[in-house]
Every structure is written in C-alpha cells, then in structure tokens.
1. About the Cα centre, and with charges only on the beta carbon of Lys, Arg (+1) and Asp, Glu (-1), how big is the dipole of segment 113-273? Nearest 20 debye, please.
2. Give, rounded to the nearest 20 debye, the magnitude of the charge dipole that segment 217-262 has about its Cα centre when Lys and Arg contribute +1 at Cβ and Asp and Glu contribute -1 at Cβ.
3. Describe numerically, in nm with one decimal, the distance between label points set 7 Å from Cα along Cα→Cβ at SER118 and at ASN187.
4. Tell me, in nm to one decimal, what length is gained between LEU68 and ILE213 on full extension, where the rule is 0.36 nm per residue of separation less the Cα-Cα distance?
5. Could you calculate the FRET efficiency of ASN138 with LYS201 from 1/(1 + (r/R0)^6), where r is the beta carbon distance between them and R0 is 41 Å, rounded to 0.05?
6. Please report, in cubic angstrom per residue, the volume enclosed by the convex hull of the alpha-carbon atoms of segment 113-273.
7. Given 0.36 nm per residue, what is the gain on full extension from ILE20 to LEU80 after removing their alpha carbon distance, in nm?
8. Could you sort out which of LYS184/LYS215; LYS165/LYS255; LYS139/LYS255; LYS132/LYS201 sit more than 23 Å apart by Cα distance in this structure?
Amino acid sequence: MKLIFNKRPIFKLRTIIFIIISIIIIIVDIYSNFFVKIRYKTNHIISPIYFILNKPFSLYENISNFFLKKKIIQKNNKYLFNKVLQQNVQLYDLREVKQENNDFRHIFKLPLLKEKISILAKIIPIILPRCKNEIFINKGLKDNIFPGTIVLNEKGVVGQVISSKKTSSQVLLICNKNISLPVKIQNSNITFIINGNGCTKFLKSEYISTDIIIKKGDILVTSGLDEQYPQGYPVGTVNNISFNKEKNLNIIYVKPFLQIEQIKYVLLLINSQ
C-alpha cells in the first residue's frame, strides 16, 4: 500500500523533466532569437496595460512634483524679494546719507557774520500742518534760540524764528505775508524791500520807481541793511514786472529760491554775545 501511494518518485521525475526543459530553453535562447521575439511580442502586448496601470502613479508623482517645485519657487521668490527689499532700503539709506552730507557741505560753506554763531537744526515733519507759511525745527530755548533768530539753508534765506519752546521752535518763512526783507540786485547797488505774498505765490515788491532799472531774470540777494540778515544771501529771481498806472510805479514779482518741500536742515544764526 505504501508503494502505491508514495509520491516521491513522481516528484523526482518532475524535477528532472523541469531541469531538462530549462537546459533546452537556455540552449535555444543562446543559439536562437526565438525567445527574443516572444519577449518582444509579449512586451508589446503588455506595455499598454503597464502604461494604463502606471498612469495614476505617474500622474500623482507629476502633481506632487509640481506642487513641490511651486512651493520651492515661492520660498525662493520670497527670500529673493526680502533680499532685494533689504538691499533697496540700504541703498535708499546710503542715498539719504549722501544727500544729507551734500546738504551739510553746502550749508557749512555759507559765509557767516563774525558776530554770529551758527547752529544746525533739523526740520520736524508735521503730518497736518496748520499753516504752509511756517515750519518747525528741533532746536529751542535750551540751544539759545529765541524769536528773531535768522534761519538759512544752502539755497539762501529761509525765514526767522517767531516762537521758541524748550526743544523746538517755529519758523516763519520769507514767503509769509508778515515778513519784509531788504534786498538788492546782485552785483548792483539798487536796494529795495520785498514782501512775502503767501507761499503759493511769488514774493512781491511794490512802489518801485520807474527810474530803477530792473530786468526779468535779475537775481536778488539780501542787502544786509537791517543788520539782521547777512548780506549777499540769495533770495530769488525777478519773474515778472508790472506797471501800476494809478501810482506810476512798478510792481516786481520774485520767484524765491526757497523750496519748502525740500528743506531738511537749516542753519540758525544767533548773537555770539
């Protein structure tokens, strides 16, 4: 009974048969292209199925790479944007420093009276100025700045202090209607008084005799006759001359050199005594 149902000889036979078939297949594969053609045809048949099965994974991988690359690009863009912004701020600061140095150089080259002491002051920005004919500076009573102190900058005459507090002062600009300034034509002895006419208009001088020769484009400077403003500081240029028939006098309109929006630093003149 055991011999009839014993399967081990059959297993050995099958093993021998498989080995022989394998050797035959190897020999045929070495010396023939038969199996190459079979593999090629099989791959040709299977490749569409493989492509279809692999498509979801490929699509997922492409989408994942897209968002990953997008995230990396956004991160790099943010970094570069911050870097450029920092460099622009530094460049702006350098330009500001350079401009301030140029302003200081021009201001300190101003010819000053020997009996006067000069103090550099900075403009205090006012968001909503109550009056466009005045400015505020960061020097006051503790710096010996009192009403009447003359204010200059590299362009010429700015105005004079009208009120002082401990650490700040209020400056009335020459374009204010309450200021009168003795001037003369540059390189000439012709002198007269010029008045503020509002900072949105030109300076104005009335009651000028028709005998006085004044031409459009003439440069006006301080005459120094009032012993307050130093002599020879630029004020403006003659922009227009009109004739008053009733009074038989000329009216002169002067465009001031003063540019309010560009003022950052001023020089204050105080008595040395």
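Laboratory data are not the source of any read-out in this text; all were calculated from the coordinates shown. Please read all numbers here as calculations on a predicted model, not as lab measurements. Note that we place each Cβ from the backbone using ideal geometry, even for glycine, and neighbour counts take in every protein chain shown.
1. 460 debye
2. On the way: 3 positive and 5 negative charges, 48 e Å.
Once rounded to the nearest 20, the dipole reads 240 debye.
3. Placing both labels 7 Å along Cα→Cβ, they lie 2.4 nm apart.
4. Between LEU68 and ILE213, full extension yields 44.2 nm more.
5. After rounding, the FRET efficiency stands at 0.90.
6. With only Cα atoms used, segment 113-273 gives 113 Å³ per residue.
7. Working: separation 60, 0.36 × 60 = 21.60 nm, distance 6.96 nm.
Between ILE20 and LEU80, full extension yields 14.6 nm more.
8. On the way: LYS184/LYS215 13 Å; LYS165/LYS255 32 Å; LYS139/LYS255 28 Å; LYS132/LYS201 12 Å.
With Cα atoms farther than 23 Å apart: LYS165/LYS255; LYS139/LYS255.
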